[in-house]
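One structure is given below, encoded as structure tokens.
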Amino acid sequence: MLEKPWVLEFDIKGLFDNIDHELLNKAVRKHTDSKYPMKKQEISVEKLLDIIKEKERRIAELEQQVQWFMEQIRLSKRKQFGVSSEQTKIEQLNLFNEDEETHNLAVSEPQRIEVKTHYRKRTRLTTDKLPEDLPMEVIEHKLPEKDSICPDCGGDIV
């Protein structure tokens, strides 16, 4: 058998609907070493409906899993960020009502005493000026000639 490279290309509408598939399979098997010859697949309507039902059941199952995971995330966020210790229970509200329960109406209310308000001393700010009579002393330090030259550019250091 002579080996010649060849390409077969079809782009005709409805070709495979009208061609004899057995004849086409024989031709392909004769001219190729393919391990996977073309197979004619005929699936009954009942089989297709069963496949669709199975896919719908799987979709419903996955949607339930998504709902469960979303609920777990919501509960986790609420546990982590939600109000927990700030909530007050009804039983706790009655803990501090002892005075109301044991209050004697015959005893008068104590008199209120007004306390003088207190102000902190003002700290000295850096913008405050020093007193004028404070003595001032100016001290100048001269650098030696060799230390007053910049090592990078050779200019005078001011």
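Among Ser76, Ser148, Ser108, what's the order by accessible area (1.4 angstrom probe), most exposed first? Working shown, then result.
Working: Ser76 65, Ser148 20, Ser108 95 Å².
Ranked list, largest accessible area first: Ser108, Ser76, Ser148.
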In the neighbourhood of Gln64 defined by beta carbon distances under 14 Å, the net charge of the other residues (Lys, Arg +1; Asp, Glu -1) is -2
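The values are calculated or read from the model by the stated rules, or taken from the named source; none is laboratory data. This one's a predicted model, so the numbers in the text were calculated from it and none came from an experiment. Glycine also receives a Cβ, built like all others from the backbone with ideal geometry; neighbour counts cover every protein chain displayed. To get the accessible areas, we keep the full protein, side chains included, count just its heavy atoms, and leave off ligands, DNA and RNA. Shrake-Rupley method; radii C 1.70, N 1.55, O 1.52, S 1.80 Å.
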